[in-house]
Every structure is written in structure tokens, then in C-alpha cells.
């Protein structure tokens, strides 16, 4: 787990430790919105990034480059364009006939063949691979590339995932949603769970309130099992630590402002309005308000020692499903000592 102990704000657990924050010395002004090119820090990335990189294009550009990539066991990417009736994947690498045989499509912890659905859902998407063999043309058929996604995944596990520690900030890509969280590709198609309570401090009813499928994000390792053999051990993720402390988020607002927010929770004692993914304020109860509505709220007071933002609900209305932009205050390093609460916070 990252940080101790737990406290609850608007019903959402928020983990912090009494140790100094990894980024306390950083000014809130240095917070930046994550950009696509910030991701090129690891050799093993979520699928869909390498495919458009100059290095990947160069490695696929000639027979000599392909030979070099095969000898170096370089992880490359191309788009799967077909799954044949034997569940082999064909990739778009012209002028070659590029094949990932069924048994090489994915690594499985128990060594058993992966499920059919895990293969056919790769079609149309970028997949990683290493080159197993290059078979020259026989004069009739085009030259053939025999590829292995499984070997690329094993390489990712041994050289990258097995070395991750709790708190490490990594790249991830949202693959699919469940009511309890979202699954993320954390490297070469290896998937890990980001539970809904770890997405942000502000409560959400579903992961789609914060993300979309296919979105590239930053995340941190929340916990992990000890790796055994080529098994990477179960890795769970967290995300809210990257979205800023209470002070960093509150600094973006001032008393007397009227700002837009999203109504996230309606309780008997008031209405919680999200001002940012890691900051919510409380307004007095008002009839006719629904969760998910856009709200205009007046900021009545900001109280760091009580970690409260007092709001007055001016208006609310239903609109297209709102999505907030994830602005990251941390994009690398380790967040094991992250602390959400202000130093002057009087709560437990």
C-alpha cells in the first residue's frame, strides 16, 4: 500500500503518509497536463504508442533493419489486420506476410493457450512483437515474418515489470471498464487493475466518469505480489496521487469566484460538487439537483485546516456526460510518501 493511514473525505478513502511529499518542493505552477510524447521513458510501453514512433518505422523499413531487430530481440509494433480460421494473427507489415501464430499471441501465467476472445479482439489494434524468423520469398509467395507477442511480453515481465516497486509512476492505457474499476495495459499488453476508489479523491460512480477506453494515462504501482519465475506477480494501480494534493488543487481557486463543477454526491446534509478530480466542495442541500449535473457554484470559503471548501449552489443543469481533464502534478519518480492533506489539517 502507498502511504498510511486512511482518512475519508466525502466518503472516499484517501491514503496519505506523515512523511514529506515527493513533490512538496515543487511549485503548484509546475503542474503540467500530460502530453503524448511524455510517455517515451520506458522501453516497454502500453501497446499503441510505439507504432507511430520513428524508431519503430525505421526498424520495419528494410530487410536489413528487420534482421537487426530480430538479432537484438527489439520489441516492435504493427497493426493486426486479420485473424484467420486457425486463430493466427496477420499484421500489416508490407511487403511481408507477417504472422503471429496462435500459440505466440499472448503469454499466460499457467502456460495454457489464451482464450479465443483475447486473440480476435486484437484485430484492428496495434500489437507488440519480437521477430522469431524471416523466411525469404520462394518466388511465388511474399517473404514471411514469423512474430511472437508472447516473447515480447515475457521480455517485458523480466526486464521491466519484475523491477517495479510500490509507488513507481508508470505509463498505462485504459483497455476496458468494469463497475469496480478499469483494466490498464501497463506494458506490451500486460493488464493490471486500477480500482475505482483509487482513480481520484472525488468520488465517481463509474470509471467512464474519468476516463475513456483507449486513453493513455499515468498511474502508480499501488501494491504488487512478489514475482515468481517469469510471473510478474499481481500488480494493482493507483492514480489519485498524481492529481495533486489538497493544497495544490485548492490553490487554483479563490474565495468569491463562481466556477463550474460536477455534482458527484447528494447527501442529507449537503451536495458534494467536484471542482477538480482531487477536490470537492460542499454546498447546502437544494431540491431538483441530480448526480452528474453541471453546477455553477460560488466559493464561499476555503479552509485548509479543516480541508473544506464551502460552496453556494447557484444553478445546475443536465448536459452531455461531462468529463474532466486529468492534470498531473507528478509524471515520474515514486509517490510512496505522497500526502494529500495540508500540514495544518486538524483531522485525524
message = For segment 235-249, check the following and say yes or no: at least one residue is in contact (Cβ under 8 Å) with a residue 12 or more places away in the chain, more than 23 Å from residue 220 (Cα to Cα), surrounded by fewer than 24 Cβ atoms within 10 Å (Cβ to Cβ) and out of contact with any strand residue (DSSP E or B) (no Cβ under 9 Å at 6 or more places or on another chain).
response = no
message = Considering only residues that are surrounded by fewer than 22 Cβ atoms within 10 Å (Cβ to Cβ) and part of a loop (DSSP other than H, G, I, E, B), which ones fall in segment 174-202?
response = 179, 180
message = Consider segment 72-84. How many of its residues are assigned to a strand (DSSP E or B) and either on the phi > 0 side of the Ramachandran plot or buried (at least 21 other Cβ atoms within 10 Å of the Cβ) (or both)?
response = 4
ask   = Given the conditions (1) touching a strand residue (DSSP E or B) at 6+ places or on another chain (Cβ under 8 Å); (2) within 30 Å of residue 205 (Cβ to Cβ); (3) surrounded by fewer than 20 Cβ atoms within 10 Å (Cβ to Cβ), and given that residue 133 satisfies all but one, which numbered condition is not satisfied?
value = (2)
query = Looking only at segment 215-234, which residues are at pLDDT below 95 and surrounded by 23 or more Cβ atoms within 10 Å (Cβ to Cβ)?
reply = 232
inquiry  = Residue under question is residue 69, and the condition is that it be touching a residue at least 60 places away in the same chain (Cβ under 8 Å), out of contact with any strand residue (DSSP E or B) (no Cβ under 7 Å at 6 or more places or on another chain) and surrounded by 15 or more Cβ atoms within 10 Å (Cβ to Cβ); does it hold?
reply    = no
task = Kindly indicate which of 141, 205 is modelled with pLDDT under 95 and either in a helix (DSSP H, G or I) or within 30 Å of residue 250 (Cβ to Cβ) (or both).
result = 205
task = Pull up segment 299-321, narrow it to residues that are within 29 Å of the chain's Cα centre (by Cα) and in a strand (DSSP E or B), then point me to the one that is nearest to residue 341 (Cα to Cα).
result = 308
ask   = Failed condition for residue 146, given (1) surrounded by fewer than 18 Cβ atoms within 10 Å (Cβ to Cβ); (2) within 14 Å of residue 188 (Cα to Cα), with all others met?
value = (2)
request  = Of the conditions (1) touching a residue at least 24 places away in the same chain (Cβ under 8 Å); (2) exposed (fewer than 14 other Cβ atoms within 10 Å of the Cβ); (3) in contact with a helix residue (DSSP H, G or I) (Cβ under 9 Å, 6 or more places away or on another chain), residue 87 clears all except one; give me its number.
outcome  = (2)
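For the condition farther than 30 Å from residue 218 by Cβ and touching a helix residue (DSSP H, G or I) at 6+ places or on another chain (Cβ under 9 Å), what is the one hit in 95, 143?
143
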message = Criterion first (surrounded by fewer than 22 Cβ atoms within 10 Å (Cβ to Cβ), under 27 Å from residue 273 (Cα atoms) and in contact (Cβ under 8 Å) with a residue 40 or more places away in the chain) does residue 212 satisfy it?
response = yes
ask   = Of the residues that make up segment 254-276, is at least one assigned to a loop (DSSP other than H, G, I, E, B), within 24 Å of the chain's Cα centre (by Cα) and not assigned by TED's automatic domain parsing to the domain that holds residue 150?
value = no
ask   = If you scan segment 99-131, which residues turn out to be over 23 Å from the mean Cα position of the chain (by Cα), farther than 13 Å from residue 88 by Cβ and in a strand (DSSP E or B)?
value = 130, 131
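The values are calculated or read from the model by the stated rules, or taken from the named source; none is laboratory data. This one's a predicted model, so the numbers in the text were calculated from it and none came from an experiment. Ideal geometry is used to build each Cβ from the backbone, glycine not excepted, and the neighbour counts take in all protein chains shown.
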